[in-house]
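Everything on this sheet refers to the single structure shown next.
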């Protein structure tokens, strides 16, 4: 990935295209699950969403293999796609915007407290 | 038995390590083995996130093999760190289960 692609996000767009093509090839129920996975993982994204790419790739890989095995979506995810996404994002160490807000808040409070000279 | 999810949470990783330890295997086969063992509630998504964690923690070796149909599959074997982790798991399990048994028998 060169600098230009990094700034414009061209490489991301290309990766998205590839994801979409792979998702198109999935059976019906699986495509719907893919949509839900994207929606659930979205809050874990950073500014560009670049950190989500390997996580989405892993999830799509699982969908592809499970579809080949002839498993139902329910066999793969139970009724908790949200829980799966949380585990997936947590396992990959994705930080959410909430983590950053929390840190920012903690930093600000600590600074103000120290200024009070406690 | 149903509703084991909460109880299994902490031990499932050890179970997966044990299964991988006995032979090279892949996600779906691990899930099936756990189901046949009587853990009917275990789903592939859960096993898959455990496998990713094991991979990230460097406990398994992953080989991608093309399958007859569909995309290539990831096969897992334990490395030395994985075998150590598995031994630790069984030691912890032995400790917990012996204490709980003792509690149940009313011993102190």
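The values are calculated or read from the model by the stated rules, or taken from the named source; none is laboratory data. Quick caveat, the model's predicted, so the values are computed rather than measured. So basically every Cβ, Gly included, is an ideal-geometry build from the backbone, and we count neighbours across all protein chains shown.
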(message) Let me confirm something: among A:107, A:14, which residue is surrounded by fewer than 17 Cβ atoms within 10 Å (Cβ to Cβ), under 30 Å from residue B:68 (Cα atoms) and more than 14 Å from chain B (Cβ to nearest Cβ)?
(response) A:14
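Are any residues in the stretch B:9-23 over 9 Å from the mean Cα position of the chain (by Cα) and surrounded by 15 or more Cβ atoms within 10 Å (Cβ to Cβ), and if so, which ones?
If the condition is that a residue be over 9 Å from the mean Cα position of the chain (by Cα) and surrounded by 15 or more Cβ atoms within 10 Å (Cβ to Cβ), then B:21 is the only one that fits.
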(request) Being more than 12 Å from the chain's Cα centre (by Cα), under 21 Å from residue A:64 (Cβ atoms) and more than 8 Å from chain A (Cβ to nearest Cβ) is the filter here, so list the residues in the stretch B:33-57 that pass it. (result) B:55
(message) Please go through (1) surrounded by fewer than 16 Cβ atoms within 10 Å (Cβ to Cβ); (2) in contact with a helix residue (DSSP H, G or I) (Cβ under 8 Å, 6 or more places away or on another chain); (3) within 14 Å of chain A (Cβ to nearest Cβ); (4) more than 23 Å from residue A:71 (Cβ to Cβ) for residue B:62 and return the number of the only condition it doesn't satisfy.
(response) (4)
(request) State all residues of the stretch A:4-24 that are touching a helix residue (DSSP H, G or I) at 6+ places or on another chain (Cβ under 8 Å) and either at pLDDT 90 or above or assigned to a loop (DSSP other than H, G, I, E, B) (or both); if no residue qualifies, say none. (result) A:19, A:22, A:23, A:24
(request) Specify which of the listed residues (B:70, B:106) is in a loop (DSSP other than H, G, I, E, B) and closer than 27 Å to residue A:54 by Cβ. (result) B:70
(request) Name every residue in the stretch B:73-91 that is in contact with a helix residue (DSSP H, G or I) (Cβ under 8 Å, 6 or more places away or on another chain) and assigned to a helix (DSSP H, G or I), in order of residue number. (result) B:82, B:83, B:85, B:86, B:89, B:90
(request) Being modelled with pLDDT of 90 or more and more than 9 Å from every other protein chain (Cβ to nearest Cβ) is the filter here, so list the residues in the stretch B:66-80 that pass it. (result) B:75, B:76, B:77, B:78, B:79, B:80
(message) I need the full set of residues from the stretch B:17-32 which are within 13 Å of chain A (Cβ to nearest Cβ) and touching a helix residue (DSSP H, G or I) at 6+ places or on another chain (Cβ under 7 Å), in order please.
(response) B:27, B:28, B:30, B:31
(message) For the stretch A:67-79, which positions are more than 8 Å from chain B (Cβ to nearest Cβ) and surrounded by 14 or more Cβ atoms within 10 Å (Cβ to Cβ)?
(response) A:73
(request) Grab the helices (runs of 4 or more DSSP H) fully contained in the stretch B:1-49, keeping just those with 1 or more residues being farther than 27 Å from residue A:60 by Cβ and modelled with pLDDT under 90. (result) B:5-8
